[in-house]
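Here the structure is laid out as structure tokens; the discussion comes afterwards.
The values are calculated or read from the model by the stated rules, or taken from the named source; none is laboratory data. Computed from a predicted model, the values in this text were never measured in an experiment. So basically every Cβ, Gly included, is an ideal-geometry build from the backbone, and we count neighbours across all protein chains shown.
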Amino acid sequence: MILNGLWLFVLGCLAVPNLILAKRPDAKQILDKITPYQGWIGLVSAVFGIIRIPGFFSSFGQLSHGVKGIILFLLGAAFVVTQILLGFILGIGVIKSFVKDPTAQGKLDNALAKVLPYQATLGLIAIFDGIACVIVGLVPSLLF
């Protein structure tokens, strides 16, 4: 849970770098080091998010465990959704390099145009969800 949270936090920071730099100008050095890899980070995130979809659907049982189960379910739902969508947004350049068909590239561009307006919102959700995942991973007694 801790590594997932850290990964999601980094993904969120890559999605909203201007907001991060406005709040923490000293973060520029760190962002400059990981920005060249944002396409690959995005691709890996999208793939792992898609792989986690079955696990997400199997977690509906948590909803019957009261407030704690609902919180864990919502953390997981936000994790999967933001990982897939931000991964797609940030990794579109790398993804398109594997797709040679112009029709398929056009469809990717159309899909990107639909989700791109939500990049900042998804980035903030990813940052907060990543922090929450790290906290729950470090101090599981908060929920259990």
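Against the numbered list (1) farther than 21 Å from Val16 by Cα; (2) surrounded by 12 or more Cβ atoms within 10 Å (Cβ to Cβ); (3) not charged (D, E, K, R), Thr82 comes up short only at (1). The set of residues from the range 85-111 being buried (at least 19 other Cβ atoms within 10 Å of the Cβ) and of a type in the set (Phe, Trp, Tyr) comprises just one member, Phe88. Within the range 1-19, residues that are under 11 Å from Leu124 (Cβ atoms) and in contact (Cβ under 8 Å) with a residue 60 or more places away in the chain reach partners that are crowded, with 22+ Cβ neighbours inside 10 Å and β-branched (Val, Ile, Thr) with beta carbons closer than 8 Å, at six or more positions or on different chains, in the pairs Gly12/Thr82; Ala15/Ile89. Quick one: count up the residues across the range 62-78 that are closer than 21 Å to Ile50 by Cβ and surrounded by fewer than 16 Cβ atoms within 10 Å (Cβ to Cβ). Selection size over the range 62-78: 2.
Do we have Gly49 as surrounded by 12 or more Cβ atoms within 10 Å (Cβ to Cβ) and more than 12 Å from the chain's Cα centre (by Cα) here?
Working: surrounded by 12 or more Cβ atoms within 10 Å (Cβ to Cβ): yes; more than 12 Å from the chain's Cα centre (by Cα): no.
Taking the combined requirement at face value, the residue does not satisfy it.
Once the range 9-66 is narrowed to residues that are aromatic (Phe, Trp, Tyr) and at pLDDT 90 or above, the residue that is farthest from Thr82 (Cα to Cα) is Tyr37.
Would you check if Val134 is in contact (Cβ under 8 Å) with a residue 60 or more places away in the chain and not small (Gly, Ala, Ser)?
yes
So, in the range 1-24, of the ones that are β-branched (Val, Ile, Thr) and assigned to a helix (DSSP H, G or I), which residue ends up nearest to Phe128 (Cα to Cα)? Only one residue tops the list, namely Val10.
If I ask for residues that are closer than 27 Å to Phe88 by Cβ and not β-branched (Val, Ile, Thr), which ones from the range 46-62 would you list?
Filtering the range 46-62 down to residues closer than 27 Å to Phe88 by Cβ leaves 46-60, 62.
Ala46, Phe48, Gly49, Arg52, Pro54, Gly55, Phe56, Phe57, Ser58, Ser59, Phe60, Gln62 - these are the residues of the range 46-62 that are closer than 27 Å to Phe88 by Cβ and not β-branched (Val, Ile, Thr).
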